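Everything on this sheet refers to the single structure shown next.
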Amino acid sequence: MVTKNATAARTAEADVVVAGGGPAGVCAAIAAARSGARTTLLERAAFLGGTATGAMMASFMGFYWRDTRVTGGIGYEITRRLVDAGGATDFLDYTMGEAAGNPFVQRTFPFDPEVLKFVLDDMVCEAGVDVWLHTQAVDPIVTDGRAGGVIAQGVMDRTAISAPVTVDTGGNGALARGAGADFQNGSDDRHDLQPMTLMARLSKVDVARFRALPRAEKQRLSKHGMATGELAQRILSLVSSPSGDDAFILMTRVSGWDGADERDLTRAEMEGRRQLRGVLGFLRREVPGFERCGLTATAPWIGVRETWRIVGDHVLEAEDVLEGRQFPDAIAQGGGPLDIHHPRGGGLTLTEPSTPFSTPYRCLLPRGVENMLVAGRCASATGEAMGALRHMGSAMALGQAAGTAAALAAAQGIPPRKVDPEELRRVLRTQDAIIDNPVTTGRPAVAQ
């Protein structure tokens, strides 16, 4: 018996430990705790929410396929809590890719990231999750290929947290990789991935005036911005906040660096801020509605679309998404779109699935290691399929399934790979998760 990474200054125990407090991790932790598991959630930042708060990506996608809702459960509950807290109005139709000449109408959920922090704090505390902020899960504890918890680095000390089941929702899949899981992406293609985006929040934006611009004018402006070098891509994308006079802009494009390498990530953060200065000057000078805008905040960290991908018992492929494939062990539905930001140039491809698609439980089971699940951006999918799976609505659904499966495994004293998928599906249905194609089952129907 060989145990790896088992020593630390302090020790703790849990039934389930979740590494990463983003959309997938929060839903995994809440699901596990509500299912009766003693659950510890580790997050390196000072707040929960991950990409939704720290990268300030202030709009949820992936909850709908056309006008049919495909995500329920804890993720949908979060949207209701946001509305009740005054941090959102509701779902609305938004035209993506308009300035790039590739318009695609998608139902989205814009929200205020600061209010989301309050909502997530409330929900994890109500569920009884043991939350450790300012804490990084740095290594898995592994014995003969079986995960047994994590080593967590706090502000001063390291703690060995023992747990029969570990859920890696950290985006890069670092824990799963460290535990011996198979993964995609070799060292030769680390810089040929989808670009990163640094978000910014602007005040004094006349959102209605900008949205009223004809599509042809938005396309002309985006081409002009590319020609002057002030825009890095043909996108004039913004998310308006519930207050109505400020907006979050998604207009930077940082390519050629590895989002899982701290040195590259440092350069990417600085390049994102450099690009933002050009974007702001262009918006104030050229784009109606932005003449008086001011910079309120830049995101605490840059948004990363793609790094390492874990290989699970099933690897979701683009064809699975586009054909709306339904698997017998489906634990979540997705609506897309398949959203690919081209690594080179300024291109963006948006493709709608023919019908809602499913994600099988096997995508949450990393090949090569036991007692571990993955969810969110490190779930098992090809780079193309991840273009649909990484939407935050889908990530939340995968997180809820992973947390529920973890609690079942811990309660039964079995590895997650031995959890009966039909039992998992039955439990998820009781949690209002949507795991069957709502187009064919009729549940749920149009937006509420």
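Please find, within the range 106-124, the residue that is nearest to Gly244 (Cα to Cα) out of those that are touching an Asp or Glu at 6+ places or on another chain (Cβ under 9 Å) and part of a strand (DSSP E or B).
Out of the qualifying residues, it is Phe109.
Please enumerate the residues belonging to the range 37-48 that are crowded, with 24+ Cβ neighbours inside 10 Å and either more than 25 Å from Pro164 (Cα to Cα) or in contact with an Asp or Glu (Cβ under 8 Å, 6 or more places away or on another chain) (or both).
Ala37, Thr39, Thr40, Leu41, Leu48
List the number of the failed condition for Asp320; all other conditions in (1) more than 30 Å from Gly36 (Cα to Cα); (2) surrounded by fewer than 24 Cβ atoms within 10 Å (Cβ to Cβ); (3) at pLDDT 95 or above hold.
Evaluating Asp320 over (1) more than 30 Å from Gly36 (Cα to Cα); (2) surrounded by fewer than 24 Cβ atoms within 10 Å (Cβ to Cβ); (3) at pLDDT 95 or above leaves (2) as the failure.
So is Gly312 over 27 Å from Ser59 (Cβ atoms) and crowded, with 24+ Cβ neighbours inside 10 Å or not?
In short, yes.
Filter the range 228-244 down to the residues that are part of a loop (DSSP other than H, G, I, E, B) and surrounded by fewer than 14 Cβ atoms within 10 Å (Cβ to Cβ) and list them by number.
Gly229, Ser243, Gly244
How many residues, within the range 268-285, are under 15 Å from Gly229 (Cα atoms) and surrounded by 17 or more Cβ atoms within 10 Å (Cβ to Cβ)?
Summing the residues that are under 15 Å from Gly229 (Cα atoms) and surrounded by 17 or more Cβ atoms within 10 Å (Cβ to Cβ) in the range 268-285 gives 9.
Could you give me the residue pairs with C-beta distances under 6 Å whose first residue belongs to the range 125-145 and is in a strand (DSSP E or B), whose second residue is of a type in the set (Ser, Thr, Tyr) wherever it lies, and which are 6+ apart or on separate chains?
Between residues of the range 125-145 that are in a strand (DSSP E or B) and residues that are of a type in the set (Ser, Thr, Tyr), the close pairs are Asp130/Thr40; Thr143/Thr3.
Out of the range 193-206, which residues are buried (at least 18 other Cβ atoms within 10 Å of the Cβ), touching a strand residue (DSSP E or B) at 6+ places or on another chain (Cβ under 9 Å) and not basic (Lys, Arg)?
Once the filter is applied, which keeps residues that are buried (at least 18 other Cβ atoms within 10 Å of the Cβ), touching a strand residue (DSSP E or B) at 6+ places or on another chain (Cβ under 9 Å) and not basic (Lys, Arg), the range 193-206 yields Gln194, Pro195, Met196, Thr197, Leu198, Met199, Ala200, Leu202, Val205.
Which residue, of Arg177, Arg209, is basic (Lys, Arg), out of contact with any Phe, Trp or Tyr (no Cβ under 6 Å at 6 or more places or on another chain) and either assigned to a loop (DSSP other than H, G, I, E, B) or touching a residue at least 24 places away in the same chain (Cβ under 8 Å) (or both)?
The unique qualifying residue is Arg209.
What is the number of the single condition among (1) touching a Leu at 6+ places or on another chain (Cβ under 9 Å); (2) modelled with pLDDT under 95; (3) part of a strand (DSSP E or B) that Glu98 does not meet?
Of everything listed in (1) touching a Leu at 6+ places or on another chain (Cβ under 9 Å); (2) modelled with pLDDT under 95; (3) part of a strand (DSSP E or B), Glu98 misses just condition (3).
Identify, from the list Gly170, Gly154, the residue that is within 23 Å of Pro23 (Cβ to Cβ) and either of a type in the set (Gly, Ala, Ser) or modelled with pLDDT under 95 (or both).
Going through Gly170, Gly154 in turn, just one is within 23 Å of Pro23 (Cβ to Cβ) and either of a type in the set (Gly, Ala, Ser) or modelled with pLDDT under 95 (or both): Gly170.
Since His314 meets every condition but one in (1) over 26 Å from Met386 (Cα atoms); (2) in contact with a Cys (Cβ under 9 Å, 6 or more places away or on another chain); (3) outside any strand (DSSP E or B); (4) not hydroxyl-bearing (Ser, Thr, Tyr), which condition does it not meet?
Here His314 clears every test but (1).
Residues of the range 269-290 being more than 20 Å from Val254 (Cβ to Cβ) and without any contact (Cβ under 8 Å) to a residue 60 or more places away in the chain, which ones?
Once the filter is applied, which keeps residues that are more than 20 Å from Val254 (Cβ to Cβ) and without any contact (Cβ under 8 Å) to a residue 60 or more places away in the chain, the range 269-290 yields Arg284, Arg285.
Can you tell me which of (1) over 21 Å from Asp264 (Cβ atoms); (2) touching a residue at least 24 places away in the same chain (Cβ under 8 Å) is the one Val155 doesn't meet?
Condition (2) is where Val155 drops out.
In the list Gly171, Gly225, which residue meets the criterion of being in contact (Cβ under 8 Å) with a residue 40 or more places away in the chain, in a loop (DSSP other than H, G, I, E, B), in contact with a Lys or Arg (Cβ under 9 Å, 6 or more places away or on another chain) and surrounded by 21 or more Cβ atoms within 10 Å (Cβ to Cβ)?
Only one candidate qualifies: Gly171.
Given the conditions (1) aliphatic (A, V, I, L, M); (2) outside any loop (DSSP other than H, G, I, E, B); (3) touching a Ser or Thr at 6+ places or on another chain (Cβ under 7 Å), and given that Leu283 satisfies all but one, which numbered condition is not satisfied?
Here Leu283 meets the rest and fails (3).
State all residues of the range 289-313 that are within 16 Å of the chain's Cα centre (by Cα) and small (Gly, Ala, Ser); if no residue qualifies, say none.
Ala299, Gly303
The values are calculated or read from the model by the stated rules, or taken from the named source; none is laboratory data. Values in this document were obtained by computation on a predicted structure and should not be read as measured data. Note that we place each Cβ from the backbone using ideal geometry, even for glycine, and neighbour counts take in every protein chain shown.
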